[in-house]
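Data block below; observations after.
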Amino acid sequence: MTTINPSARKKIKAGSFSLNRFGPGAQAAFHIILALFSLLCIIPFIFVVIISFSSEESIRQVGFSFTPVSWSVEAFTYTFRLGNALWRSYFNSFLITIVGTILSVAITILYAYPLFRKDFRFRGFFNFLSFFTMIFGGGLVPTFVICKSVLGLSDNYAALIVPMLFSPFNVIIMRTFLQTAVPTELIEAATIDGSGEYNTLVRIVLPIVKPGIATVALLVALSYWNEWFLSLLYLNKNMDIMPLQYLLMRMQRNADFLAKNSSMLGADAAKAVAQLPSQSLKMALVVFIVIPIACAYPFFQRYVVAGLTIGSVKG
Amino acid sequence: MTTIQTAVPKPHRRYSSIAAKKKTFWLTTMALPGAVWLLLIRYLPMFGIVIAFKNYRAFRPNTFWNNIIQSEWVGLKNFEFLKSPDTGIMIRNTLGYNILWIILGLVISVAFAIMMSELTSRFLAKTYQTLMFFPYFLSWVVASYFVLAFLDPTSGMIPFFQKAAGLKATNFYHDTTWWPLILTICNLWKNLGYSSVLYLAAITGIDTTQYEAAAVDGATKWQQIWHVTLPGIRPMIVILLIMNVGKIFNADFGLFYNVPQNSGSLYPVTQVVDTYVYRAYANTHNMGMSSAAGFLQSFVGMICIIGANALVRKIDAESSLF
Amino acid sequence: MKKVLSLILTLALILSVLSFAAADDLPTITIMFHGSNVTDDKAVLEKVNEYIADKVGAKLEVIWGTWGDFDEKSVKVLEGADKDVDIVFTSSWSDDEYNSFAKKGYFLKLDDLFAQYGADLIAALPEDLMKAATIEGAEGKGVYAVNGFKDTATQNTWDINVTLLNELGYTVDDVKEKGFFGWGEIFAKAKEVKGDSFYPFLVEPVVAERMVTNSIIVSGDGNANLLSLYLNPDDVSAEGPYGNKLLNKFATPEYKAFVEKMHEYYEAGYIDPALSVGETSNDCRANHQKDASYLIGTQVYAFGYEYSPDVLSRGVEVQFLPCTEPYMDSTVSQGAMMAINSASEHPEEAFKFLVLLNTDPVLMTLMNYGVEGIHYTLDEDGLVVFTDERANYSPWTNGVGNVTLLPDTKDEGKGFRESFKAYYSTGKVIPSNGFFFDPEKVETEMAQLANVNAQYALALDCGATDPETELPAFLEALDGAGMQAYLDEANAQMDAFMAK
């Protein structure tokens, strides 16, 4: 029992084992590879920031460039002039992401845990129930019809949260985390000690799979934060609850549509194109969208890396 | 640890049946919210699959349900879009890129995860991880601007340097040569951060005592990785692999549509099932055809998953999906 | 834990229930517009509802769809038989294409309603527009949408930067005289004067093709435009060189000559390469137009366009040189329509509203320009001057309905509507006006052809690829994808149409 008690386990991990680790050469090589790739990942974002500060004129002349001809904060002043619409959609994005993530993670864990339990009688059934929907779906229109007319998901926050509450993919990921981190013996021991199922889950299992929960929460939060298609489908009249991502995607889609149909719309399209928000404004919005979630990232990462630091002692 | 199990006396049979029922009950209540969601949002609309085999149109009274019932069965007619001479290219591209990327993605992201777990500098490990996630925030549309900044025939950086060096500038958007490479880089760039975080979290979950035992036995670091880390994250590798295989007939639309700027000349290397169906649908607005394409992708995915899962079961039943 | 669970479920329930609004005694009709830029419609809808309560007997709600909603939203609403949307925009070129959606039963046949309530509307619309709306739909031959009265004829023009042209020592007459095939010399001069990174020829490639070869869009042909019908450039109401026969657009000598010349221009550096790539083409064109960094461009013209702010703001003298006289064909005569969703529960009220919207200047002005005193004011000449509030309320004018009911704005000048009507009344009707290709029987071929077309056409039209090798490859690919069957079906339908 003692060896698998979490607190006891921690003590052992924290103990100063001096095990062999990679030499400085290998460490340096790792750093170089990871640093180069990280650079490759961050440069496009810096690029986006540069475009957002480029003047319209510069974009017209030299296109998207790391070295614009002239700079401008026009996009940001314009963004702030969006005023209420911007802050409201910002607020909506936060609300949807936070509420959605909490609910979704709860449902995911609750669903994944019984699936992880080999002694659960309906394990096969629930496993299949979830797995099957990963491959087959009714399609967009039937789902839309059911959500709107049967479940009343239209012009409300629920419409932007409920359709994404559950993902079979995340359930499988969660189940795999449980499999790798939680020894079956622990559960058996807890059951023998008279611990109820919910008690076991909350007090014994959850603390062990924190990294897994943090990872799934991150994935869920990201998908809520980036979501815009639900808004397109389910928001009709109540635009006050529109998230920021949809504000941006609408601009993008407007431009795409006008491009595709310009020969049909003729002068109408030309007039509309003239009114479209500039590219730098779109990039400014991208910056607005990326920054909060990038800031939230370390929060999730803490758990993943918290595990890592314990691990690093071992290495 | 296994000794603990045998040391516990077997409970009384009667008691165990009540306990078992109780356990089943409580575990079922856990799965219930998810199950209800699945039934409402996923299973209820599944009747829509029949649209793939019907000529869907509106009848009177015009309700969705009535329309589906009254629409005429057309058998496999909606699948005829597959008879195109382009089909070969489109299937080759879809499967080819997917297989290549599944393998590359797996190897590189596992390598990245292991490297990050072995770094002594906590701060840098965190920084790399954060930065690697950035591409995931940027949509393909935004990424396509970035690619354009390099490749644009007039103002792009590469043609610019080519001209400066006195070479003929490559017109990238009409030249298929480089696109398999460009698309591969873009795909890895976007997805590596995501998948390596999954593996990293899985590595974190490995019981440290196993490393200690290995170290006591005199295993080198490389041996520890081979004998402890990789087996430890095997379930995660297998699961992600199986799931990727299930999507082998689907393609990331934005990557193949936006990143090449929808340039026709590049279709021989960028046309995939999703873009083909999109372009066909934009012209015909045939709901049956797009349903049929979706059904086909699901069907191929299912066969691949079942196949992969059976294979995994043979080798390692523990890790299999079902 | 159970408490938490029940709390979660309750919360989800409450969230979903929140949407149900309190019932009202008047029925609500919902109209879905497109292309709008509306963030605050409260003041307008209040006035509108006050105004229509007696006249229509309903309350209005509006879904302000944007340009980007065109493709997805209305199609999902119609395919999903969403009874909450009563009126939707449709046209010959949008995704909820008028003919095919009427045929699939998504739109209500309006003939009975017209007979009952539509006398005013019939009087207000030109006869040709009513005729253009009469088609073979799910419930037989009839009218399935109210046709909007907007620019009712097409005229393609060369958009000329006169300031630059004069600077180079040429006049508009020179451009006219030399014609498309003889502009090389002018372009060369422009390139010489303005430098190597200047691209004088700013084309929208598919439009340029139509302008040079005098072909028109065949309705029902999809976005791909595989078919060509050639106009008679001297008299659009007479038959063209091939009669009313539909041709494979890419197999004609006209097309070959066009793409060869374009390739020559492209290779000489007269055309911006970005124009030849699907997603960059339009951005590139818009940017060059804004900067006036072009010499000759293409423009699908609408009356009064030269006075619009986006032309005036270019800072150079711009002239639009027409290729042909304005012509009326099936595409333009179904350019903007409003159909009633056949799933609607209030078709009568919806129709009455459409009649009022298209016949009553007060309602039309209210919907389009907003409330007087808030969104616009009238100056001493009675011309509309927009206020800053207009930025929060700008629907797409042509997408709302009968634009001839609107008062003139200060930008347009007094008498604009009159000249507008006069201009379009000169539009001649082409011989095959009213013909719509119904591709239902050849949908499979169409799906394949669309992909082949997308692969080759734009690059060829723009001159970016060599017609020597690419054109034969294109034609072969089209044949492989069933072009002949497609063409035969189209011509069979055309023959049947002309025989009537």
Based on the mean of other beta carbon atoms within 10 Å per residue, what is the order of B:150-161, C:389-400, most packed first?
C:389-400, B:150-161
Scalar couplings 3J(HN,Hα) for segment C:336-353 by Karplus 6.51 cos²θ - 1.76 cosθ + 1.60 (θ = phi - 60°), nearest whole Hz, x for Gly and Pro, are 8, 9, 10, 10, 9, 4, 6, 8, 4, 9, 10, x, 5, 4, 4, 5, 4, 5
Which entries in B:Lys221/B:Lys314; C:Lys76/C:Lys103; C:Lys189/C:Lys290 show an alpha-carbon gap greater than 25 Å?
B:Lys221/B:Lys314
Going by average Cβ density within 10 Å per residue, which order do the peptides C:327-336, B:164-173, C:109-118 take, highest to lowest?
C:327-336, C:109-118, B:164-173
Two decimals is fine: what is log10 I(q)/I(0) at q = 0.16 Å⁻¹ for chain A, from a Debye sum with one equal scatterer on every Cα and no solvent?
-1.36
How many Cβ atoms of partner chains, on average, are near each residue of A:194-201 if near means within 10 Å of its Cβ?
4
Tail fraction, Cα-Cα pairs, segment C:280-413, threshold 25 Å, whole percent:
46
Could you please state, rounded to a whole Å, how far the C-alpha centre of segment C:295-314 is from the C-alpha centre of segment A:110-157?
53
Could you please state, rounded to a whole Å, how far the C-alpha centre of segment B:79-126 is from the C-alpha centre of segment C:334-397?
52
Consider a paramagnetic label point 7 Å from the Cα of A:Gln27 along Cα→Cβ; state which residues of segment B:201-225 have an amide N under 16 Å from it.
B:221-222
If you count, for each residue, the other Cβ atoms within 10 Å and average over each peptide, how do C:262-273, C:70-81 line up from highest to lowest?
C:70-81, C:262-273
Using only alpha carbon pairs under 8 Å that are at least six residues apart, calculate the relative contact order of chain C and give it in whole percent.
24
What whole-number distance in Å separates the alpha-carbon centres of segment A:168-215 and segment C:448-481?
59
Give me, ordered by chain and number, the residues 5 or more places off B:Asp152 or on other chains with an amide H under 5 Å from its own placed amide H.
B:Met157
Taking 25 °C and 0.890 mPa s as the conditions, I'd like the Stokes-Einstein D for segment C:147-226 in µm²/s, using the Kirkwood hydrodynamic radius from alpha carbon pairs.
164
What share of Cα pairs, in percent, lie more than 12 angstrom apart in segment A:23-72?
65
Over segment A:83-314, calculate the relative contact order: mean separation of alpha carbon pairs under 8 Å at least 6 apart, over the residue count, as a percent.
30
Which whole number in µm²/s is D for segment C:97-247 by Stokes-Einstein, with the Kirkwood Rh taken over Cα pairs at 25 °C and 0.890 mPa s?
127
Kirkwood estimate for segment B:35-188, i.e. one over the average of 1/r between Cα atoms, Å
21.3
Expressed as a whole-number percentage, the relative contact order of segment C:126-247 with C-alpha contacts under 8 angstrom and at least six residues apart is 11
The protein assembly as shown: calculated mean residue ellipticity at 222 nm from DSSP helix runs of at least 4, using -39500 (n - 2.57)
-18000 deg cm²/dmol
How large is the convex hull of the Cα atoms of segment B:12-75 per residue, expressed in Å³ as a whole number?
126
Enumerate the calculated ³J(HN,Hα) couplings along segment B:305-322 in order (Karplus 6.51 cos²θ - 1.76 cosθ + 1.60, θ = phi - 60°), each rounded to whole Hz, writing x wherever the residue is Gly or Pro.
5, 4, x, 4, 5, 4, 4, 4, 4, 5, 7, 8, 4, 4, 7, 5, 6, 8
Residue separation between C:Asp174 and C:Glu264 times 0.36 nm, minus their alpha-carbon distance, gives in nm 30.4 nm
Using a 10 Å cut-off around each Cβ of peptide B:52-62, what is the average number of partner chain Cβ atoms that fall inside?
5
Segment C:332-374 - convex hull of alpha carbons, volume per residue in Å³:
106
Across segment A:83-314, how many lysine pairs separated by 8 or more positions, or lying on different chains, have Cα atoms within less than 23 Å?
6
Rg (one decimal) and Dmax (whole number) from the Cα set of the protein assembly as shown, in Å, equal 31.8, 107
Whole-number D in µm²/s for chain B (Stokes-Einstein; Kirkwood sum over Cα pairs; 37 °C, 0.692 mPa s):
135
Residues with amide H under 5 Å of C:Val429's amide H, sequence separation 5 or more or different chain, H placed in the peptide plane at 1.01 Å from N; which?
C:Met328
Cα-only Rg/Rh for segment A:183-315 with Kirkwood Rh rounds to 1.24
B:Leu95, B:Leu311 arranged by Cβ crowding within 10 Å, fewest neighbours leading
B:Leu311, B:Leu95
In order through segment B:45-58: 3J(HN,Hα) via Karplus (6.51 cos²θ - 1.76 cosθ + 1.60), integer Hz, x for Gly, Pro:
x, 5, 4, x, 4, 5, 4, 4, 10, 10, 9, 5, 7, 8
Calculated FRET efficiency, B:Tyr278 and B:Val107, Cβ-Cβ r, R0 25 Å, to nearest 0.05?
0.20
How big is the Cα convex hull of chain C in projection, averaged over all directions, in nm²?
28.9
Provide the FRET efficiency to the nearest 0.05 for the C:Asp234-B:Lys163 pair, computing r from the beta carbons and using R0 = 45 Å.
0.45
Report, as an integer, the average count of C-beta atoms from other chains found within 10 Å of each Cβ along B:122-128.
6
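All of the numbers you see were taken from the coordinates with simple rules; none came from a lab. Since we're looking at a predicted model, the values are computed, not measured. All Cβ positions, glycine included, derive from the backbone under ideal geometry; neighbour counts span all protein chains shown.
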